[in-house]
Protein chains: 2
Amino acid sequence: MTGNSTRERIIEVADRLIYERGYEHTSFADIAAGVKISRGNFYHHFKTKDEILDTVIERRLMTTRHLLDEWEMTGETPAARICCFVRILVTNRTKIMQFGCPVGTLAGELTRLGHRSSTRASALFSLFREWLCRQFEQLGRAEDADELAMELLAWSQGVATLASALRDEAFLEREVERMCEWVKTGKENVPCGKELD
Amino acid sequence: MTGNSTRERIIEVADRLIYERGYEHTSFADIAAGVKISRGNFYHHFKTKDEILDTVIERRLMTTRHLLDEWEMTGETPAARICCFVRILVTNRTKIMQFGCPVGTLAGELTRLGHRSSTRASALFSLFREWLCRQFEQLGRAEDADELAMELLAWSQGVATLASALRDEAFLEREVERMCEWVKTGKENVPCGKELD
DNA sequence: GACAGTTTAGGACGAATGTCCTAATTCCTA
DNA sequence: TAGGAATTAGGACATTCGTCCTAAACTGTC
């Protein structure tokens, strides 16, 4: 039951593999090989594959809550805190370029397959949504805070998807800057500073 | 070799199933059952699973080219043509809510798995990108046309992902309206018409 | 040192997978 | 209409999948 128990190591490897390969494409054998235990041992810790998935999702929810709490504690301005969120795209750009956004890909896969746990996976989005919503409220946008939160979520999702598919890391970095600018100024920094006619 | 040949029917069913379940999660047996032929017959038309995938991708590329050509021929203004693109989100909203964007999900899956055909799948994005680029050029934004195209692509991708994961069809419809507004006015219609401070 | 409970390894299981073979049937052409 | 090519059905194949069982090894307690 210690932090480095076999169970904990299984969850860590499963978490990584589910991100890198997707849930359906991650097998018991893959995870067991990653943890370096026998497949039989596996069943002692998790009775079904879905049970691992649920555990991984709950773990991600917990990790995300802690991350958001940390950002909230930093004492910076609301705009700066929102930029913390935006900049995870840059921080994790190597993995995002390879595997996409961990939140979006899992929620997408489970929703598409009509999996029982798709709701819990999507709850990760809700976590970010509500946190962003609070930040926009503190920024003086109480009336439309949730809409702004959804807008920023969608924006960052799209950037992750497109940068990964088109292998365009410069695009990812450029868009992160534009998002931060948008948060600070409230205006979209249309490229080249022109208006569409 | 006619239009309704077995081969053509296989491609159609494979196209649909690959969209609905993803490539790895679509089996020979699934497709064969959909076409109502034996699995053995299958091998006469396609030697490997990857061969079907390639055929489906090429078919999607062709279909998309025709679609874009049609939009280009309608003789409307460039802004109206761009809105044609944006509104496919609404037109296909039922399937998008269930299975996400067909372009983004396939490109994402293949990129993540490091599949040989990921580049061709991403070429679908390039098709839209170049088409949008041309429209923005005709709209008098030659210098930053490509950046605007990427921006709109990312925006629509994010909206599809988020609407599907959070089962929020109203969000999808609202964002489509905002995108069309953005194309016409060149300004982002920030919710509630306020500016961030 | 004996014992109970936990953890582990190894493998069995039926089902499903992608691939491939063979033998029928259908179709077109000479 | 006869013969050859194209198409089809059915199943064999090795492998992998999630699941589950059993027996050995380990752990801590009296």
statement: All conditions in (1) within 16 Å of DNA strand C (Cβ to nearest atom); (2) touching a residue at least 24 places away in the same chain (Cβ under 8 Å) are true of A:Ser27 except (2)
- line: All conditions in (1) touching a Gly at 6+ places or on another chain (Cβ under 8 Å); (2) under 24 Å from A:Thr119 (Cβ atoms); (3) part of a helix (DSSP H, G or I) are true of A:Val13 except (2)
- line: Selection over segment A:50-95 where residues are within 11 Å of DNA strand D (Cβ to nearest atom) and in contact (Cβ under 8 Å) with a residue 24 or more places away in the chain yields a count of 3
task: From the list B:Leu153, B:Leu196, B:Leu148, pick out the single residue that is in a loop (DSSP other than H, G, I, E, B) and either modelled with pLDDT under 95 or not charged (D, E, K, R) (or both).
output: B:Leu196
- request: Sort out which residues of segment B:119-158 are within 8 Å of another protein chain (Cβ to nearest Cβ), out of contact with any Pro (no Cβ under 7 Å at 6 or more places or on another chain) and over 20 Å from B:Cys84 (Cβ atoms), and write them in order of number.
  value: B:Ala121, B:Ser122, B:Glu143
message: As an exercise: evaluate A:Ala165 against (1) at the interface with another protein chain (Cβ under 10 Å from one of its Cβ atoms); (2) over 30 Å from A:His25 (Cα atoms); (3) open to solvent by less than 20 Å² (accessible area, probe 1.4 Å); (4) out of contact with any Leu (no Cβ under 8 Å at 6 or more places or on another chain) and give the number of the one condition it does not meet.
response: (2)
field: Listing of helices (runs of 4 or more DSSP H) fully contained in segment B:38-134 that carry 1 or more residues being open to solvent by 30 Å² or more (accessible area, probe 1.4 Å) and more than 21 Å from A:Leu113 (Cβ to Cβ)
entry: B:39-45, B:49-73, B:78-91
task: Report yes if B:Asp30 is more than 15 Å from DNA strand D (Cβ to nearest atom), among the acidic types (Asp, Glu) and either within 18 Å of B:Gly108 (Cα to Cα) or within 14 Å of chain A (Cβ to nearest Cβ) (or both), otherwise no.
output: no
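The values are calculated or read from the model by the stated rules, or taken from the named source; none is laboratory data. Treat the numbers as computed from the prediction; the structure is a model and nothing was measured. For neighbour counting, all protein chains shown are included, and Cβ atoms are generated from backbone atoms with ideal geometry for every residue, glycine included. Quick note on the areas: whole protein, heavy atoms, side chains included, nothing else; ligands and nucleic acids left out. Shrake-Rupley method; radii C 1.70, N 1.55, O 1.52, S 1.80 Å.
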